[in-house]
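In what follows, a structure is listed as C-alpha coordinates, so that the remarks can point back to it.
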Amino acid sequence: MNPRPRIYLDNAATSFPKPEAVYAAVDRYQRELGTAVGRGATTAATEVGRLVTQARRQAARLLGVAAPERVIFAFNGTDAINLAIHGLVRPGDHVVTTAAEHNSVLRPLRFQQARHGAKVDVANVDRDGRIDVEHFRSLLTSETRLVAIQHASNVTGVIQPIEELIAAAKGVGAKVLVDAAQTAGHLPIAFDDWGIDLLACSGHKGLLGPLGTGLLCIAAGVASELQPLRQGGTGSQSELDLQPESLPDKYESGNHNAPGLVGLGAALDWIESRTLTSLREHESELTQQLIDGLAVIDGVTLIGPRDAASRVGVVSFQIAGYDPQDVATILDESFGIEVRAGLHCAPLIHAAIGTKAGGGTVRASVGAFTTAGDISALIDALRELTAA
(Lines give C-alpha, C1' and ligand atoms only; values in the text may rest on other atoms or scores of the structure.)
Protein backbone atom coordinates (compact mmCIF):
# COMPACT_ATOMS: atom_id res chain seq x y z
CA MET A 1 0.00 0.00 0.00
CA ASN A 2 1.37 3.43 -0.93
CA PRO A 3 1.92 5.78 2.04
CA ARG A 4 -0.33 8.80 2.22
CA PRO A 5 1.36 11.87 0.70
CA ARG A 6 2.57 14.49 3.14
CA ILE A 7 1.11 17.94 2.57
CA TYR A 8 3.19 20.52 4.39
CA LEU A 9 1.57 23.92 4.98
CA ASP A 10 3.55 25.30 7.92
CA ASN A 11 6.23 27.24 6.04
CA ALA A 12 5.79 30.29 8.29
CA ALA A 13 7.35 28.18 11.06
CA THR A 14 10.08 26.65 8.92
CA SER A 15 10.23 25.92 5.22
CA PHE A 16 9.98 22.33 4.02
CA PRO A 17 11.19 20.78 1.88
CA LYS A 18 14.44 22.55 1.09
CA PRO A 19 16.01 22.77 -2.37
CA GLU A 20 17.96 19.63 -3.19
CA ALA A 21 21.13 21.71 -3.36
CA VAL A 22 20.77 22.49 0.35
CA TYR A 23 20.77 18.82 1.32
CA ALA A 24 23.76 18.20 -0.96
CA ALA A 25 25.73 21.12 0.46
CA VAL A 26 25.16 20.11 4.08
CA ASP A 27 26.00 16.48 3.30
CA ARG A 28 29.21 17.49 1.51
CA TYR A 29 30.23 19.65 4.46
CA GLN A 30 29.61 16.84 6.95
CA ARG A 31 31.29 14.12 4.89
CA GLU A 32 34.11 15.96 3.12
CA LEU A 33 34.91 19.26 4.88
CA GLY A 34 33.95 19.19 8.55
CA THR A 35 36.19 22.02 9.76
CA ALA A 36 35.31 25.14 11.73
CA VAL A 37 34.90 28.57 10.16
CA GLY A 38 38.00 30.75 10.41
CA ARG A 39 39.96 28.23 12.44
CA GLY A 40 42.78 27.08 10.24
CA ALA A 41 44.52 27.40 6.87
CA THR A 42 44.09 23.87 5.56
CA THR A 43 42.52 23.25 2.18
CA ALA A 44 39.26 22.16 3.81
CA ALA A 45 39.20 25.12 6.21
CA THR A 46 39.83 27.54 3.36
CA GLU A 47 36.95 26.05 1.40
CA VAL A 48 34.60 26.32 4.38
CA GLY A 49 35.62 29.94 4.88
CA ARG A 50 35.00 30.65 1.21
CA LEU A 51 31.52 29.11 1.32
CA VAL A 52 30.51 31.06 4.43
CA THR A 53 31.86 34.31 3.00
CA GLN A 54 29.95 33.63 -0.19
CA ALA A 55 26.75 33.05 1.79
CA ARG A 56 27.27 36.36 3.57
CA ARG A 57 27.67 38.17 0.24
CA GLN A 58 24.57 36.48 -1.17
CA ALA A 59 22.51 37.47 1.86
CA ALA A 60 23.74 41.05 1.60
CA ARG A 61 22.82 41.18 -2.08
CA LEU A 62 19.33 39.76 -1.49
CA LEU A 63 18.56 42.10 1.42
CA GLY A 64 20.05 45.24 -0.06
CA VAL A 65 23.05 45.63 2.26
CA ALA A 66 25.97 47.27 0.47
CA ALA A 67 28.73 45.93 2.72
CA PRO A 68 28.58 42.13 3.37
CA GLU A 69 30.49 42.45 6.64
CA ARG A 70 27.39 44.21 8.03
CA VAL A 71 25.49 40.91 7.74
CA ILE A 72 25.97 39.12 11.05
CA PHE A 73 25.24 35.41 11.27
CA ALA A 74 23.10 34.33 14.24
CA PHE A 75 21.62 31.00 15.25
CA ASN A 76 18.00 31.96 14.44
CA GLY A 77 15.80 35.01 14.10
CA THR A 78 15.22 35.21 17.85
CA ASP A 79 18.96 35.21 18.48
CA ALA A 80 19.36 38.08 16.01
CA ILE A 81 16.53 40.08 17.59
CA ASN A 82 17.95 39.58 21.07
CA LEU A 83 21.32 40.87 19.90
CA ALA A 84 19.61 43.93 18.43
CA ILE A 85 17.46 44.75 21.47
CA HIS A 86 19.78 43.83 24.33
CA GLY A 87 22.78 45.20 22.47
CA LEU A 88 21.22 48.59 21.80
CA VAL A 89 18.69 49.43 24.52
CA ARG A 90 20.11 51.13 27.60
CA PRO A 91 18.46 51.54 31.06
CA GLY A 92 15.55 53.95 30.91
CA ASP A 93 15.41 54.10 27.09
CA HIS A 94 12.07 54.64 25.34
CA VAL A 95 11.08 51.95 22.84
CA VAL A 96 8.04 51.84 20.56
CA THR A 97 6.77 48.53 19.24
CA THR A 98 3.39 47.22 18.06
CA ALA A 99 0.65 44.78 18.98
CA ALA A 100 1.47 42.83 15.83
CA GLU A 101 4.83 41.63 17.10
CA HIS A 102 6.06 38.13 17.83
CA ASN A 103 7.22 37.21 21.33
CA SER A 104 10.77 37.26 19.95
CA VAL A 105 10.39 41.04 20.08
CA LEU A 106 7.93 41.43 22.93
CA ARG A 107 9.72 39.29 25.50
CA PRO A 108 13.17 40.92 25.19
CA LEU A 109 11.46 44.31 25.47
CA ARG A 110 9.52 43.25 28.56
CA PHE A 111 12.80 41.98 30.03
CA GLN A 112 14.38 45.38 29.40
CA GLN A 113 11.34 47.03 30.96
CA ALA A 114 11.35 44.84 34.09
CA ARG A 115 15.12 44.67 34.66
CA HIS A 116 16.40 47.97 33.33
CA GLY A 117 13.46 50.39 33.41
CA ALA A 118 12.97 50.70 29.68
CA LYS A 119 9.79 52.51 28.72
CA VAL A 120 7.87 50.43 26.17
CA ASP A 121 4.86 51.74 24.25
CA VAL A 122 2.78 49.51 21.98
CA ALA A 123 1.01 50.77 18.84
CA ASN A 124 -2.44 49.42 18.01
CA VAL A 125 -3.38 47.27 15.02
CA ASP A 126 -6.64 46.95 13.09
CA ARG A 127 -8.71 43.80 12.54
CA ASP A 128 -6.36 42.67 9.77
CA GLY A 129 -3.36 43.09 12.05
CA ARG A 130 -2.17 46.16 10.16
CA ILE A 131 -0.30 48.67 12.31
CA ASP A 132 -2.24 51.89 13.04
CA VAL A 133 0.20 54.41 11.60
CA GLU A 134 -1.37 57.42 13.31
CA HIS A 135 -1.27 55.78 16.73
CA PHE A 136 2.28 54.67 16.04
CA ARG A 137 3.27 58.25 15.19
CA SER A 138 1.63 59.55 18.36
CA LEU A 139 3.87 57.35 20.51
CA LEU A 140 7.12 58.62 19.01
CA THR A 141 9.03 61.34 20.83
CA SER A 142 12.45 62.91 20.61
CA GLU A 143 13.41 60.53 23.44
CA THR A 144 12.56 57.37 21.50
CA ARG A 145 15.70 55.25 21.26
CA LEU A 146 14.41 52.27 19.29
CA VAL A 147 11.42 51.29 17.18
CA ALA A 148 10.87 47.53 16.77
CA ILE A 149 8.45 46.64 13.97
CA GLN A 150 7.65 43.64 11.82
CA HIS A 151 7.56 43.64 8.03
CA ALA A 152 4.64 41.19 7.81
CA SER A 153 2.47 39.40 10.35
CA ASN A 154 3.00 35.74 11.14
CA VAL A 155 -0.70 35.55 12.12
CA THR A 156 -2.68 37.47 9.49
CA GLY A 157 -0.02 37.67 6.79
CA VAL A 158 -0.63 41.39 6.33
CA ILE A 159 2.29 43.36 4.90
CA GLN A 160 2.93 46.39 7.07
CA PRO A 161 3.41 49.91 5.65
CA ILE A 162 7.07 49.51 6.46
CA GLU A 163 8.56 52.48 4.62
CA GLU A 164 6.01 54.86 6.14
CA LEU A 165 6.74 53.51 9.62
CA ILE A 166 10.49 53.77 9.11
CA ALA A 167 10.21 57.36 7.90
CA ALA A 168 8.16 58.31 10.97
CA ALA A 169 10.71 56.75 13.31
CA LYS A 170 13.65 58.37 11.56
CA GLY A 171 11.84 61.68 11.81
CA VAL A 172 12.34 61.67 15.58
CA GLY A 173 15.86 60.24 15.41
CA ALA A 174 15.01 56.71 16.57
CA LYS A 175 16.85 53.61 15.50
CA VAL A 176 14.70 51.10 13.57
CA LEU A 177 14.73 47.33 14.05
CA VAL A 178 12.73 45.41 11.43
CA ASP A 179 11.67 41.81 12.05
CA ALA A 180 11.72 40.30 8.57
CA ALA A 181 11.13 36.70 9.64
CA GLN A 182 8.08 36.41 7.35
CA THR A 183 9.39 38.45 4.42
CA ALA A 184 13.06 37.62 3.82
CA GLY A 185 13.06 35.39 0.75
CA HIS A 186 9.44 36.26 0.02
CA LEU A 187 9.41 40.03 -0.63
CA PRO A 188 11.97 42.53 -1.92
CA ILE A 189 13.86 44.23 0.93
CA ALA A 190 16.05 47.29 0.46
CA PHE A 191 17.90 47.60 3.76
CA ASP A 192 20.14 50.52 2.92
CA ASP A 193 17.68 52.38 0.70
CA TRP A 194 14.87 52.18 3.24
CA GLY A 195 17.09 53.53 6.02
CA ILE A 196 16.78 50.49 8.29
CA ASP A 197 19.25 50.38 11.19
CA LEU A 198 18.83 46.72 12.14
CA LEU A 199 17.07 43.89 10.33
CA ALA A 200 16.64 40.42 11.78
CA CYS A 201 15.44 37.25 10.11
CA SER A 202 15.78 33.51 10.34
CA GLY A 203 17.67 31.57 7.70
CA HIS A 204 15.32 28.59 7.76
CA LYS A 205 12.02 30.16 6.66
CA GLY A 206 11.76 32.06 3.38
CA LEU A 207 15.53 31.89 2.89
CA LEU A 208 15.13 28.09 2.69
CA GLY A 209 18.23 27.27 4.71
CA PRO A 210 18.62 24.77 7.57
CA LEU A 211 17.42 25.37 11.11
CA GLY A 212 20.00 26.96 13.38
CA THR A 213 20.68 29.88 11.04
CA GLY A 214 19.71 33.54 11.32
CA LEU A 215 20.90 36.98 10.27
CA LEU A 216 21.16 40.46 11.71
CA CYS A 217 21.91 43.25 9.24
CA ILE A 218 23.48 46.35 10.75
CA ALA A 219 23.54 49.83 9.21
CA ALA A 220 26.79 51.69 8.82
CA GLY A 221 27.66 53.38 12.10
CA VAL A 222 25.32 51.32 14.29
CA ALA A 223 28.07 48.92 15.39
CA SER A 224 29.60 51.65 17.54
CA GLU A 225 26.41 51.64 19.65
CA LEU A 226 25.48 47.95 19.45
CA GLN A 227 27.17 45.91 22.17
CA PRO A 228 27.89 42.21 21.56
CA LEU A 229 26.12 39.71 23.81
CA ARG A 230 28.95 37.16 23.61
CA GLN A 231 32.70 37.52 23.77
CA GLY A 232 35.26 34.91 22.87
CA GLY A 233 37.32 33.38 20.13
CA THR A 234 36.74 34.68 16.62
CA GLY A 235 39.78 33.28 14.83
CA SER A 236 40.98 36.85 14.36
CA GLN A 237 43.24 39.16 16.42
CA SER A 238 43.97 36.19 18.65
CA GLU A 239 46.95 38.01 20.16
CA LEU A 240 44.48 40.27 22.03
CA ASP A 241 42.31 39.38 25.02
CA LEU A 242 39.81 42.07 23.99
CA GLN A 243 36.82 41.51 21.72
CA PRO A 244 37.54 42.70 18.15
CA GLU A 245 35.67 45.79 16.97
CA SER A 246 35.82 44.75 13.33
CA LEU A 247 32.76 43.33 11.60
CA PRO A 248 31.44 40.69 11.54
CA ASP A 249 33.83 39.33 14.20
CA LYS A 250 32.56 41.66 16.93
CA TYR A 251 29.28 39.70 17.07
CA GLU A 252 30.31 36.19 15.97
CA SER A 253 32.24 34.73 18.88
CA GLY A 254 32.59 30.95 19.07
CA ASN A 255 32.10 28.40 16.38
CA HIS A 256 29.54 29.07 13.68
CA ASN A 257 26.89 26.60 12.62
CA ALA A 258 29.08 25.76 9.64
CA PRO A 259 26.88 23.06 8.06
CA GLY A 260 23.85 25.30 8.44
CA LEU A 261 25.57 28.29 6.83
CA VAL A 262 26.90 26.21 3.97
CA GLY A 263 23.34 24.98 3.43
CA LEU A 264 22.04 28.55 3.66
CA GLY A 265 24.47 29.59 0.95
CA ALA A 266 23.13 26.86 -1.33
CA ALA A 267 19.59 28.02 -0.57
CA LEU A 268 20.45 31.62 -1.45
CA ASP A 269 21.98 30.40 -4.70
CA TRP A 270 18.71 28.64 -5.49
CA ILE A 271 16.63 31.74 -4.69
CA GLU A 272 18.83 33.84 -6.97
CA SER A 273 18.43 31.36 -9.80
CA ARG A 274 14.65 31.21 -9.41
CA THR A 275 14.37 34.97 -8.73
CA LEU A 276 12.41 36.57 -5.91
CA THR A 277 9.85 37.83 -8.41
CA SER A 278 8.90 34.36 -9.61
CA LEU A 279 8.80 32.98 -6.08
CA ARG A 280 6.51 35.82 -5.00
CA GLU A 281 4.20 35.23 -7.97
CA HIS A 282 4.00 31.51 -7.19
CA GLU A 283 3.19 32.06 -3.52
CA SER A 284 0.70 34.84 -4.26
CA GLU A 285 -1.24 32.65 -6.69
CA LEU A 286 -1.49 29.87 -4.12
CA THR A 287 -2.42 32.30 -1.35
CA GLN A 288 -5.25 33.74 -3.43
CA GLN A 289 -6.42 30.22 -4.30
CA LEU A 290 -6.55 29.40 -0.60
CA ILE A 291 -8.35 32.63 0.35
CA ASP A 292 -10.95 32.18 -2.38
CA GLY A 293 -11.50 28.54 -1.47
CA LEU A 294 -11.95 29.18 2.24
CA ALA A 295 -14.20 32.20 1.70
CA VAL A 296 -17.06 30.06 0.35
CA ILE A 297 -17.01 27.34 3.02
CA ASP A 298 -19.81 27.75 5.57
CA GLY A 299 -18.51 28.01 9.11
CA VAL A 300 -15.02 29.21 8.12
CA THR A 301 -13.99 32.69 9.23
CA LEU A 302 -10.98 34.11 7.39
CA ILE A 303 -8.57 36.39 9.22
CA GLY A 304 -6.70 39.19 7.45
CA PRO A 305 -6.87 40.83 4.02
CA ARG A 306 -8.75 39.09 1.22
CA ASP A 307 -6.25 39.92 -1.51
CA ALA A 308 -2.92 38.12 -1.76
CA ALA A 309 -1.14 41.31 -2.87
CA SER A 310 -1.62 42.72 0.64
CA ARG A 311 -0.11 39.76 2.44
CA VAL A 312 2.55 37.11 2.43
CA GLY A 313 1.60 33.45 2.09
CA VAL A 314 0.17 33.16 5.60
CA VAL A 315 -3.58 32.49 5.94
CA SER A 316 -5.27 32.16 9.33
CA PHE A 317 -8.84 31.06 9.89
CA GLN A 318 -11.27 29.71 12.44
CA ILE A 319 -13.99 27.07 12.09
CA ALA A 320 -17.22 27.48 14.03
CA GLY A 321 -17.61 24.86 16.73
CA TYR A 322 -13.99 23.68 16.58
CA ASP A 323 -10.98 24.49 18.70
CA PRO A 324 -8.05 25.44 16.40
CA GLN A 325 -5.87 22.72 17.90
CA ASP A 326 -8.54 20.10 17.17
CA VAL A 327 -8.72 21.23 13.55
CA ALA A 328 -4.95 20.93 13.16
CA THR A 329 -4.99 17.46 14.71
CA ILE A 330 -7.80 16.25 12.45
CA LEU A 331 -6.10 17.62 9.34
CA ASP A 332 -2.87 15.86 10.25
CA GLU A 333 -4.26 12.52 11.38
CA SER A 334 -7.11 12.14 8.86
CA PHE A 335 -5.79 13.97 5.79
CA GLY A 336 -1.99 14.15 6.13
CA ILE A 337 -2.10 17.96 6.04
CA GLU A 338 0.27 19.81 8.38
CA VAL A 339 -0.77 23.28 9.55
CA ARG A 340 -0.18 25.25 12.74
CA ALA A 341 -2.78 26.16 15.37
CA GLY A 342 -2.82 28.40 18.43
CA LEU A 343 -1.50 31.86 19.24
CA HIS A 344 1.66 31.56 17.12
CA CYS A 345 3.78 33.24 19.82
CA ALA A 346 2.00 36.53 19.14
CA PRO A 347 -0.51 37.09 21.97
CA LEU A 348 -1.14 40.82 21.49
CA ILE A 349 -2.31 40.56 17.90
CA HIS A 350 -4.74 37.77 18.79
CA ALA A 351 -6.15 39.95 21.56
CA ALA A 352 -6.48 42.83 19.09
CA ILE A 353 -8.25 40.85 16.35
CA GLY A 354 -10.52 38.96 18.74
CA THR A 355 -9.13 35.45 18.37
CA LYS A 356 -7.27 35.01 21.66
CA ALA A 357 -10.21 33.82 23.77
CA GLY A 358 -10.98 31.10 21.23
CA GLY A 359 -7.48 29.66 21.37
CA GLY A 360 -6.11 31.56 18.38
CA THR A 361 -6.40 30.43 14.79
CA VAL A 362 -5.56 27.67 12.38
CA ARG A 363 -2.71 28.88 10.16
CA ALA A 364 -1.77 27.54 6.75
CA SER A 365 1.36 28.96 5.16
CA VAL A 366 2.62 28.30 1.67
CA GLY A 367 6.19 28.11 0.43
CA ALA A 368 8.35 27.69 -2.62
CA PHE A 369 7.45 24.01 -2.99
CA THR A 370 3.74 24.22 -2.20
CA THR A 371 1.51 23.18 -5.12
CA ALA A 372 -2.01 24.06 -6.24
CA GLY A 373 -2.88 20.44 -5.45
CA ASP A 374 -1.80 20.96 -1.84
CA ILE A 375 -4.15 23.93 -1.54
CA SER A 376 -7.02 22.03 -3.15
CA ALA A 377 -6.47 19.16 -0.71
CA LEU A 378 -6.76 21.52 2.26
CA ILE A 379 -9.91 23.15 0.90
CA ASP A 380 -11.50 19.74 0.23
CA ALA A 381 -10.58 18.53 3.72
CA LEU A 382 -12.13 21.59 5.34
CA ARG A 383 -15.30 21.19 3.28
CA GLU A 384 -15.54 17.60 4.52
CA LEU A 385 -14.85 18.66 8.10
CA THR A 386 -17.44 21.44 8.15
CA ALA A 387 -20.06 19.23 6.50
CA ALA A 388 -19.71 16.53 9.17
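The values are calculated or read from the model by the stated rules, or taken from the named source; none is laboratory data. Here the structure is a predicted model, which means the values were calculated and not measured. As a convention, Cβ positions derive from the backbone with ideal geometry for all residues, glycine included, and neighbour counts pool all protein chains shown. SASA here: full protein model, heavy atoms, side chains in, ligands and nucleic acids out. Shrake-Rupley method; radii C 1.70, N 1.55, O 1.52, S 1.80 Å.
Please enumerate the residues belonging to segment 286-297 that are in a helix (DSSP H, G or I), out of contact with any Phe, Trp or Tyr (no Cβ under 7 Å at 6 or more places or on another chain) and touching a residue at least 40 places away in the same chain (Cβ under 8 Å).
Answer for segment 286-297, where residues must be in a helix (DSSP H, G or I), out of contact with any Phe, Trp or Tyr (no Cβ under 7 Å at 6 or more places or on another chain) and touching a residue at least 40 places away in the same chain (Cβ under 8 Å): LEU286, THR287, GLN289, LEU290, GLY293.
Residues in segment 247-275 that are in a loop (DSSP other than H, G, I, E, B) and either closer than 19 Å to HIS186 by Cβ or in contact (Cβ under 8 Å) with a residue 40 or more places away in the chain (or both): LEU247, PRO248, GLU252, ASN255, HIS256, ASN257, THR275. Considering (1) within 19 Å of the chain's Cα centre (by Cα); (2) open to solvent by less than 10 Å² (accessible area, probe 1.4 Å); (3) over 26 Å from LEU109 (Cα atoms), the lone condition that PHE317 does not fulfil carries the number (1). Does SER284 satisfy being buried (at least 20 other Cβ atoms within 10 Å of the Cβ) and not hydrophobic (A, V, I, L, M, F, W, C)? No: the conditions fail for SER284.
Checked against (1) part of a helix (DSSP H, G or I); (2) within 21 Å of LYS170 (Cα to Cα); (3) of a type in the set (A, V, I, L, M, F, W, C); (4) open to solvent by 30 Å² or more (accessible area, probe 1.4 Å), ALA66 meets all criteria but (1). From the list VAL22, VAL71, the lone residue that is open to solvent by less than 50 Å² (accessible area, probe 1.4 Å), closer than 30 Å to VAL222 by Cβ and of a type in the set (Val, Ile, Thr) is VAL71.
Check whether at least one residue in segment 357-370 is of a type in the set (Lys, Arg) and out of contact with any Lys or Arg (no Cβ under 6 Å at 6 or more places or on another chain), and report yes or no. No, there is no match, as no residue in segment 357-370 is of a type in the set (Lys, Arg) and out of contact with any Lys or Arg (no Cβ under 6 Å at 6 or more places or on another chain). Scanning segment 310-335 for residues that are touching a Ser or Thr at 6+ places or on another chain (Cβ under 8 Å), closer than 18 Å to ALA12 by Cβ and of a type in the set (Gly, Ala, Ser) gives GLY313, SER316. Restricting attention to segment 86-103, the residues being surrounded by fewer than 24 Cβ atoms within 10 Å (Cβ to Cβ) and within 23 Å of ILE159 (Cβ to Cβ) number 3. TYR29 meets all of the listed conditions (1) open to solvent by 20 Å² or more (accessible area, probe 1.4 Å); (2) out of contact with any strand residue (DSSP E or B) (no Cβ under 9 Å at 6 or more places or on another chain) but one, namely (1). On inspection, ALA41 passes the criterion of being at pLDDT below 95 and open to solvent by 30 Å² or more (accessible area, probe 1.4 Å).
Restricting to segment 213-246, and then to whatever is in a loop (DSSP other than H, G, I, E, B) and either under 21 Å from ARG61 (Cα atoms) or in contact with a strand residue (DSSP E or B) (Cβ under 6 Å, 6 or more places away or on another chain) (or both), can you tell me which residue is least open to solvent (accessible area, probe 1.4 Å)? The selected residue is THR213. Listed by first and then second residue, the pairs linking a residue in segment 223-239 that is among the polar types (S, T, N, Q) to a residue that is in a helix (DSSP H, G or I), with Cβ atoms under 7 Å apart and 6 or more places separating them unless they lie on different chains, are GLN227/GLY87; THR234/ASP249; SER236/ASP249. SER15 satisfies every condition listed in (1) among the polar types (S, T, N, Q); (2) in a helix (DSSP H, G or I); (3) under 30 Å from THR156 (Cα atoms) except (2).
Yes/no matrix, rows are residues, columns are (1) open to solvent by 50 Å² or more (accessible area, probe 1.4 Å); (2) modelled with pLDDT under 95; (3) touching an Asp or Glu at 6+ places or on another chain (Cβ under 7 Å); (4) of a type in the set (Ser, Thr, Tyr):
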site: ASP292; (1), (2), (3), (4): yes, no, no, no
site: ALA308; (1), (2), (3), (4): no, no, no, no
site: GLY313; (1), (2), (3), (4): no, no, yes, no
site: TYR322; (1), (2), (3), (4): yes, no, no, yes
site: LEU343; (1), (2), (3), (4): yes, no, no, no
site: PRO347; (1), (2), (3), (4): no, no, no, no
site: ALA351; (1), (2), (3), (4): yes, no, no, no
site: LYS356; (1), (2), (3), (4): yes, no, no, no
site: THR371; (1), (2), (3), (4): yes, no, no, yes
